[in-house]
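Take a look at the structure set out below.
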Amino acid sequence: MKKTTQTKKNKTKNASRSLFTHHSPKEGDALAVIRDASNGKEYYLSIIDTFTIEKIEYVVMYNYEPDDGNHADPELVIMRTEFAKNGDQYFYSIKNESELEAAFTVFMRRYAADRNAKRQALAQAQAQAQVRPAPSPAPANRQEARNE
């Protein structure tokens, strides 16, 4: 199992945030710089979601590159994560294919539920906008009516 450590983060481990932030990180998005323990290479990642399956915490991320228009669409990375007693966060590659499939299935269900909730909220907002009475037309100018 490949072990990586997070070297920097802008969120505390228990911070709450909205699910599925994506593309260019904005203030409040969770960004991580992780270092591969075996070769020391650093990776810049944007955290999309975290969840727990049977007491194991998983994190879904994508490689973050500044949007300069020259890079491919991001690819998802799903890893196990845990916190050491000193507060350091560790990420582990998932080698077991059935574990990875289970984590991906949970993530996709959460993603679909989040999208459906956003669609319902948008539909409700649009419906409320349509229910509001239209402003009444201004009374016609009597002088203009006589001139016609």
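Sort out which residues of region 54-64 are out of contact with any helix residue (DSSP H, G or I) (no Cβ under 6 Å at 6 or more places or on another chain) and in a strand (DSSP E or B), and write them in order of number.
Ile56, Glu57, Val59, Met61, Tyr62, Asn63
Could you give every pair whose Cβ atoms fall below 9 Å, whose first residue belongs to region 114-126 and is in contact (Cβ under 8 Å) with a residue 60 or more places away in the chain and on the phi < 0 side of the Ramachandran plot, and whose second residue is among the charged types (D, E, K, R) and surrounded by 10 or more Cβ atoms within 10 Å (Cβ to Cβ), counting only separations of at least 6 or pairs across chains?
Close Cβ pairs satisfying both conditions: Asp114/Asp49.
Computed from the coordinates by the stated procedures, all read-outs in this text should not be read as laboratory data. Just so we're clear, the structure is a prediction, and the values are computed from it rather than from any experiment. Note that each Cβ is placed from the backbone with ideal geometry, even for glycine, and that neighbours are counted across all protein chains shown.
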